[in-house]
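The values are calculated or read from the model by the stated rules, or taken from the named source; none is laboratory data. Owing to the predicted nature of the structure, the values given are computational and were not obtained by experimental measurement. Note: ideal-geometry Cβ built from the backbone for every residue, glycine included; neighbour counts use all protein chains shown. Keep in mind that these areas ignore ligands, DNA and RNA; they rest on the heavy atoms of the full protein, side chains included. Shrake-Rupley method; radii C 1.70, N 1.55, O 1.52, S 1.80 Å.
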Amino acid sequence: MKKEYTLTIFTENKIGLLHRITVIFTRRKLNIESLNTSESEIRGIYRFTIVVTVTESMVQTLVKQIEKQIGILKAFYHTLEEIVYQEIALYKVPTHAFADGNEVEKLIRNHNARILRIEPEYIIVEKTGHKEETQQLFRDLEQFGILQFARSGRIALTKQIKEITAYLKELEMQQDET
Amino acid sequence: MQTKTDARKAGKQETIERISGAEALMRALIIEGVDTIFGYIGGAIMPVYDALMNYEDKVRHVMVRHEQGAMHAAQAYARIKRRPGVVFTTSGPGATNTVTGLADAMLDSTPLVVITGQVGAAMLGTDAFQETDVVSVSMPLTKWNYQITCADEIPEVLAKAFFYANSGRPGPVVIDITKNAQFDEVDFDYKKISRVSSYVAKPRPDIADIDKAADLINAAKSPLVLVGQGVAISGAQEEFKTFVEKAGLPVASTLLGLSAFPSNHALFTGMLGMHGNYAPNINTNKCDVLIAIGMRFDDRVTGNLETYAKQAKIIHIEIDPSEVDKNVKTDVAIVSDAKQALELLTPKVKNNSHEDWLKSFAKLHEVEYEKVIRKDIHPTKGMMHMGEVINRVSEKTKGEALIVTDVGQHQMASARYYQFNKKDSLITSGGLGTMGFGIPAGMGAAIAKPDRPIFVFVGDGGFQMTVQELGTLAQYHLPVKIILLNNNYLGMVRQWQELFFDGRYASTELVNPDFLKIAEGFGVPGKQISDREALDSTLDELLNVEGPFLLEVKVQKMGNIFPMIPAGATVSDMRLE
């Protein structure tokens, strides 16, 4: 059965690794639903967060294939229960939408969104949350006209206690001198 | 990286010299023990070739006729020497011509270091003359690749290239070097690499898994061992033999595992898979413990996975963790180099024999012999069969020659009917099935092992795909005996058309040239035979030929390779006719 999985991948910062990772998905014709990369808690080590909907045996294969690539330190897959995750969305709406009544203001309050910038022509609203939440605000704002919309990829941290540093130590221990 | 000043402080400035990137590359290769390079010069690699001239006493450069030929030659060289084969090509078309060889080496775990020239760093991305994005093109076909844009990177990147290519599960590495990096100067300070912290070259097997495997093997009534190329790559042929002899385990081989265990050994039961032997395929679905060592359960071995060895406990010894549970779910997985695992496992298995179980293989083999083999190797009428030619070569060379094949029917016949009694004796394209592999691979084999008799079996289709390398064979007078088994068809595809496409022979009949004239034009002597009576004496002549030779044997046009497991069928449903 297919399910949504969040992959967390730790890499060295090497040009080309993103390509090496994505070809593992594309050669199987799998769609990457979201991808985010940034430096992790360890300087020089990067964290990739990838969301994909596949079977569990496929996600196991993917993780092993990814971890096998040179420059990849460790790869994991998680279900939604195992992670705390977040996305951010930005909405550009015409300023006049705010002028008529207080409906937009109410929406922004109820969604816990905030206003980043006010210009005579437009206002930029920011909302963080899960995809359903940012999507709900999108739907609610639609009637006022959305000039632009963008949503980030998912970022996620795991609930498990074992941190990547512990895995990296294990990796060091695993190998014999050749 | 150590600078000149640091070195001077340390009082060893003599070890660090300032030289061009091209010169640094050559020195790096020499430090890595490279003695042979297969390549083809072109604009973007000229500085490297210029530096190569300074080292002609240490490194032999084999000038091929096409970059694909350099790749297959280097692959054969690497598989015989068990160290990276080295290829030089220029940018653009030179580099893209390596793609088939990279894919082949990737699937067959062959260590290569391929150096491609590239346009100057300032011109990258401008669609310059002969510019291709080689790093992107080769990304899914390499174990590692890297573009060097600055001469300073050369020593460290080359050291990594050699380490990655030949450690762990070996594979091809591409190093793309921009022209400016070849010209620019670098402080040459080279350190070989034997460890990279983020990369596990030699995973340490878990002793608990070894114990579990030993328990399963000791309790087994009808065990079967599958030997793959991993046993040869890790140099564990002796350890493997000790292991199976001690526990009395019947052995079946993958295509690339052939010659890791002697074909004439009492425990050898034949080849696995689509065109393998009857007994090991049938008994795969009868054994109670299946022990797979250094192999990856390729679909040509397993047939339908849903019905593959479901009754058996599976032990998988494999160095690449991503192969474990990929196709066949294991009961015990030992992630390890085959040699290391066998050294730990053998002391824990009991002295044993499985006589009745072994007899069941012999019985099945008799069935195969009567229905297939006898007709293949001792036909009495009609045109010659591929099997009979290969069988005669096997007998005349006592199973001790080095066999190189192309891809197709003759390849399967070679795997089936040559008796591989000596280790490292078969070079063939397994995973990728590359037609055109044979002649250039024979060239690489002859350079790696000039003292062994080398036979290339090739069909009339594959022969014409890399025929230009006859020129290289002639130029270097390489002792390669090519036996062209000519059936005037792309035989394997024709066989499938006969069996699965109602005999509609779309584009499989070949309009062939005069092969002897072609060989003669390249300076390779040859002979053609079509009579069975001439086979024996001609092979005797061939054995005594020095240098390259082409023997064209006209064989039956409609010959089929049996037994056969049709694609997607179950191993135990192998067809004998």
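Legend: calculated FRET efficiency, A:Gln143 to A:Thr53, from the Cβ-Cβ distance at R0 = 35 Å, rounded to 0.05, equals 0.70.
For the peptides A:112-121, B:351-360, the ranking by packing is B:351-360, A:112-121, with the highest mean count of neighbouring Cβ atoms within 10 Å listed first. Restricting the calculation to Cα atoms, every distinct pair contributes to the Kirkwood radius of the protein assembly as shown, found to be 28.7 Å. Accessible surface for A:Met58 stands near 60 Å², nearest 10, in the context of the full protein assembly shown (1.4 Å probe).
With n ≥ 4 as the cut-off for DSSP H runs, can you work out [θ] at 222 nm for the protein assembly as shown, using -39500 (n - 2.57) per run divided by the number of residues, rounded to the nearest 500?
That calculation yields -10000 deg cm²/dmol at 222 nm.
Within 10 Å of the Cβ of each residue in B:139-145, the mean number of Cβ atoms contributed by other protein chains is 4. What is the helix-to-structure angle for B:386-396, meaning the angle in degrees between its Cα long axis and the longest Cα principal axis of chain B, kept from 0 to 90 and rounded to the nearest 10? With rounding to tens, the tilt is 80 degrees. The accessible-area ordering, largest first, of the residues B:Lys286, A:Lys2, A:Lys92 stands as A:Lys2, B:Lys286, A:Lys92, per a 1.4 angstrom probe. Note on chain A: with a GNM built from Cα contacts shorter than 10 Å, the maximum mean-square fluctuation among A:Lys162, A:Lys14, A:Lys64 falls on A:Lys162.
Think of chain B as a dipole: +1 on every Lys or Arg Cβ, -1 on every Asp or Glu Cβ, centred on the Cα centre; then among B:Ala201, B:Val324, B:Val289, B:Val289 lies furthest on the positive end.
Placing R0 at 30 angstrom, the Cβ-Cβ distance between B:Asp288 and B:Lys423 gives a FRET efficiency of 0.55 after rounding to 0.05.
Scanning residues 5 or more positions from B:Gln147 or on other chains, those with amide H under 5 Å from its amide H are B:Asp176, with H placed 1.01 Å from N in the peptide plane. If both residues of a DSSP beta bridge must be in the protein assembly as shown, then about 45% of such bridges are antiparallel. With the simple model of a label 7 Å out from the Cα in the direction of the Cβ, B:Asn351 to A:Glu4 spans 6.3 nm. Solvent exposure of segment B:435-507, expressed per residue, is 32 Å² of accessible area, with all protein chains present and a 1.4 angstrom probe. In segment B:186-200, the residues that give up 10 Å² or more of accessible area when the other protein chains are added, compared with the chain on its own (1.4 Å probe), are B:Ser194, B:Arg195, B:Ser197, B:Ser198, B:Tyr199, B:Val200.
Give the interface area between chains A and B as buried accessible surface, both sides summed, probe 1.4 Å, in Å² to the nearest 100. Accessible area lost upon association: around 2300 Å².
Between B:Glu577 and A:Thr95, the simple spin-label model (points 7 angstrom out along Cα→Cβ) gives 9.1 nm. The accessible surface of the protein assembly as shown, taken with every protein chain in place and a 1.4 Å probe, is 51 percent carbon and sulfur. Solvent-accessible area per residue in segment A:3-78 equals 45 Å², computed with a 1.4 angstrom probe and all protein chains kept.
In chain B, the longest principal axis of the Cα atoms and the axis of helix B:438-448 are about 70 degrees apart. Considering only segment B:4-188, what is the antiparallel percent among its DSSP beta bridges, to the nearest 5? In segment B:4-188, DSSP labels about 15 percent of beta bridges as antiparallel. Across q = 0.19 Å⁻¹, segment A:3-78 modelled as identical point scatterers on its alpha-carbon atoms has Debye log10 I(q)/I(0) values of -0.71, in the order of the q list. Here the peptides B:313-325, B:456-468 are ranked by packing, the mean other Cβ count within 10 Å, and the order with the highest first is B:456-468, B:313-325.
Contact with the other protein chains removes 50 Å² or more of accessible area, compared with the isolated chain and a 1.4 Å probe, from these residues of segment A:1-23: A:His19, A:Arg20. Legend: residues in segment A:65-92 shielded by at least 40 square angstrom of accessible surface upon adding the remaining protein chains to the isolated chain (1.4 Å probe, heavy atoms) are A:Lys68, A:Ile70. Angle of helix B:67-81 to the longest C-alpha principal axis of chain B, folded into 0 to 90 degrees and rounded to 10: 70°.
Work out, in µm²/s and without decimals, the Stokes-Einstein translational diffusion coefficient of segment A:84-151 at 37 °C, 0.692 mPa s, Rh from Kirkwood over C-alpha pairs.
Numbers: Rh = 11.9 Å.
The Stokes-Einstein estimate is 277 µm²/s.
Computed over protein heavy atoms with a 1.4 Å probe, the accessible surface of segment B:121-218 works out to 41 Å² per residue. Extension gain, A:Ala166-A:Lys29: 0.36 nm per intervening residue step, less the Cα-Cα distance, totals 45.9 nm.
Listed by chain and number, the lysines whose C-alpha is less than 23 Å from the C-alpha of A:Lys131, apart from same-chain residues fewer than 8 away, are A:Lys2, A:Lys3, A:Lys92, A:Lys106, A:Lys159. How fast does chain B diffuse by Stokes-Einstein, in µm²/s, taking the Kirkwood radius from C-alpha pairs at 20 °C and 1.002 mPa s? Rounded to a whole number, D works out at 86 µm²/s.
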